[in-house]
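Before any comments, here is the structure.
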Amino acid sequence: SVGSPFLNESRNEVGSVDGEEISITEFSQKVEQNLAQFKQQYGNAGGPQMQAMAVDNAWNGEVADIILGKEYKKLGLQVSDEELFDLVQGKNPSPLIMQSFMNQQTGQLDRAAIINSLKARDKDPNLANQWAMLYGEIERQTLQQKYSKLVMNSVFVTTLEANDDHTNRNKLANFTYVNLDYSSIADNSVKLTDADYTAYYNANKNRYFNPAELRSVEFVAFNSLPSKEDSVAVKTNIEKLAADFRTSTNDSLFAAINSDVKVPFAYIGKGVLNGAIDSVIFDYPAGSYYGPVLSGNSYKLAKVVGVQFQPDSVKASHILIDPSKVGGLPAAQKLADSLRKVIVGGGNIATLAPIYSVDGSKDKGGDLGFFGRNQMVAPFEEASFSGKTGDVKVVNSQFGVHVVKITAQKGSTKRVKVAYIEKSLGSSSKTQSAAYKLATNFFNEATSEDFAAVAKKKGYTIVKAEKMNATQGYAPGLDNPRNLIRDAFAAESGEKLGQVYQMDNGYVVARVTEIRPKGILPLEVIKKEIEPLVRNAVKAKMLTEKLNAAAAGAQNINQVAQKVGRPAVPVQNIVLANPVIPALAQENKVVGTVFGLQVNKLSKAIEGERGVYVVVVNGFAAAPPLANTFKQKQTMLEGVAQRSLNGTFQALQDKADIKDNRVKFY
């Protein structure tokens with residue numbers, strides 16, 4: 001069967017490239033790394049689509065590493081120990097090192113932090129693993145850069161090419177056209193034959209190359225959205241919760257236990273909370289309650305615990321104590337308390353930091369400069385922004401125990417501390433059970449053969465999700481489709497899938513409607529899709545005959561226009577590099593023909609995108625002389641080099657024997 005290759009490959013391999021296997025164990029680790037990066041970049045609300053992005057990113061990286069690794073070996077490309085040292089600790093640091101160890105206040109590389117981190121990895125297996133991955137990524141990027149330079153340095157632009165490009169962008173054509181639009185012939189008057197389809201397909205089949213197998217399904221969805229009864233029950237519960245909230249003796253704990261959405265119990269600025277709360281809560285005094293209010297698909301409830309005006313940025317110095325170096329956390333806290341007393345009593349933190357701190361800032365007396373919100377770890381930020389200039393505080397973080405002195409503050413913005421509760425308007429088990437029962441009944445009654453007929457009989461709407469690839473994390477009308485897509489790729493065309501699928505808001509029963517194999521798609525698969533194009537091709541023949549007949553014996557374009565009852569339309573200042581006929585369409589063939597015609601000579605009929613044309617050139621305006629050939633070459637070379645690099649990798653990828661079994665695992 002078509003689906004069988006996805007089932008018959010090794011159970012432990014996510015795929016292979018030229019026989020080199022990619023194990024699921026190592027691959028899944030890279031997927032998790034990508035997923036963590038995406039969550040950090042885009043927020044924690046991941047979902048199937050973000051998971052699919054992580055899988056694709058990891059897969060593309062694996063394929064590239066194997067394919068390019070062979071090329072590196074053939075060419076003798078490598079990164080020496082000296083190069084690696086220079087890229088990490090030397091004068092030419094890798095962008096990855098710059099990104100990881102950049103001092104946010106100074107904008108300079110914190111070399112002390114690099115050395116300290118390298119030393120610390122001997123005692124920290126997790127840190128050692130992070131460094132190993134960082135070294136590997138630096139080496140990979142450096143090899144890619146070397147390979148890219150080799151490819152890009154192998155191409156060049158000639159003076160003739162530079163002049164041609166300049167001419168194509170600056171030589172102007174003025175011409176007049178007469179066109180007969182394809183829409184001038186009614187669709188129902190054109191009867192298509194098998195020969196018409198075959199002729200079009202044979203002339204254009206390479207346009208229908210399918211780079212990966214695709215599947216289409218049709219499905220019936222049974223939604224389990226909250227009923228009116230569910231909404232009333234939730235409202236009753238939230239009102240009781242609001243009453244209990246007002247009598248609670250521990251606001252933060254009550255909110256943490258009862259809220260579906262967790263909000264840090266800390267001073268926050270505008271824009272953090274849901275809009276329904278955020279728009280009003282900053283006008284409320286401490287001790288006030290707001291809500292419950294229904295916004296979107298959930299009820300919101302909040303208590304203003306505190307109101308403060310806090311600085312927009314803070315300048316601070318600190319001493320970071322590593323508990324592992326002073327005998328444990330109690331000893332570190334005791335030392336921090338002692339240092340705080342010394343500093344409050346007049347001691348200089350700039351003198352103490354080089355002695356006691358393990359942070360890279362110790363070389364500057366612990367001075368961190370000015371920093372804004374979200375630049376420091378949460379406990380450090382809370383301590384720095386909630387105090388006043390001159391305060392000295394002790395605070396714990398995942399890095400150790402900090403002694404923080406606030407040395408300056410800028411700006412002042414109102415911030416509130418809020419105990420926040422959000423309860424989703426969810427469906428009851430009764431509502432979900434009713435939807436599941438309907439889905440199960442339909443699943444049991446419908447077969448692969450009469451799926452659509454049974455759906456129509458019951459009055460259900462059939463929805464289509466077309467041309468899905470094996471690893472995508474989304475599909476129209478399906479909010480959590482991975483299990484369905486995985487099963488669709490193991491099924492035959494026309495087969496009903498073997499289970500009822502649970503989505504976020506209901507249940508789905510589905511059937512595979514089409515399988516598009518990898519490669520040039522056969523005519524029978526795309527016949528319906530290309531029907532409008534085939535019809536236009538037949539119309540083009542009819543209109544070509546009509547226009548050529550009108551042009552025969554005509555002395556000028558106006559006579560052609562008169563014979564076909566269409567206007568002769570003048571066009572000015574068209575360039576070959578931008579072949580758009582104003583207010584009509586992009587017509588490559590038409591404009592290309594114009595630049596190959598003699599002035600005042602009627603063309604033959606030209607089959608275009610929107611219709612068939614006859615043109616006459618009224619005149620050309622020559623391009624001005626190329627002022628700077630070298631600059632023109634350099635501009636063109638950038639594009640040529642990048643296309644060459646992309647084309648090289650694509651050619652290597654096309655040549656490689658790649659087996660992709662990801663659909664079995666994700």
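The values are calculated or read from the model by the stated rules, or taken from the named source; none is laboratory data. None of these values were measured; they are calculated from a predicted model. Note: ideal-geometry Cβ built from the backbone for every residue, glycine included; neighbour counts use all protein chains shown.
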Of the conditions (1) over 15 Å from I22 (Cα atoms); (2) touching a strand residue (DSSP E or B) at 6+ places or on another chain (Cβ under 8 Å), I67 clears all except one; give me its number.
(1)
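If a residue must be surrounded by 14 or more Cβ atoms within 10 Å (Cβ to Cβ) and not in a loop (DSSP other than H, G, I, E, B), how many such residues does region 446-463 contain?
Residues in region 446-463 being surrounded by 14 or more Cβ atoms within 10 Å (Cβ to Cβ) and not in a loop (DSSP other than H, G, I, E, B): 5 in total.
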Please specify each residue of region 558-574 satisfying the condition of being surrounded by 18 or more Cβ atoms within 10 Å (Cβ to Cβ) and under 22 Å from N170 (Cβ atoms).
V571, I574
Just a yes or no: is a residue in region 343-361 within 38 Å of the chain's Cα centre (by Cα) and part of a helix (DSSP H, G or I)?
yes
Is there a residue in region 204-225 that is closer than 30 Å to L425 by Cβ and assigned to a loop (DSSP other than H, G, I, E, B)?
yes
Kindly list, by first and then second residue, each pair from a residue in region 223-250 that is under 30 Å from T440 (Cα atoms) to a residue that is in a helix (DSSP H, G or I), limited to pairs with Cβ atoms under 6 Å and residues at least 6 apart or on different chains.
S224/T431; S224/Q432; S224/A435; S227/T431; D230/T431
Would you say K171 is basic (K, R) and over 30 Å from T629 (Cβ atoms)?
no
Please go through region 380-398 and give me each residue that is touching a His at 6+ places or on another chain (Cβ under 8 Å) and either of a type in the set (D, E) or assigned to a helix (DSSP H, G or I) (or both), ordered by number.
F380, A383
Please determine, by comparing only the residues of region 221-242 that are under 19 Å from Q432 (Cα atoms), buried (at least 18 other Cβ atoms within 10 Å of the Cβ) and hydrophobic (A, V, I, L, M, F, W, C), which one is nearest to the chain's Cα centre (by Cα).
A221
Scan region 387-406 and give yes if some residue there is in contact with a strand residue (DSSP E or B) (Cβ under 6 Å, 6 or more places away or on another chain), on the phi > 0 side of the Ramachandran plot and in the same structural domain as L320 (by TED's automatic domain parsing), otherwise no.
yes
Out of everything in region 512-544 that is polar (S, T, N, Q) and not assigned by TED's automatic domain parsing to the domain that holds V463, what residue ends up being surrounded by the fewest Cβ atoms within 10 Å (Cβ to Cβ)?
T544
Give, as residue ranges, the strands (runs of 3 or more DSSP E) completely inside region 564-666 that count at least 1 residues that are at pLDDT below 95, among the β-branched types (V, I, T) and touching a Ser or Thr at 6+ places or on another chain (Cβ under 8 Å).
658-660
Does region 175-182 include one or more residues that are in the same structural domain as K604 (by TED's automatic domain parsing), modelled with pLDDT of 95 or more and part of a helix (DSSP H, G or I)?
yes
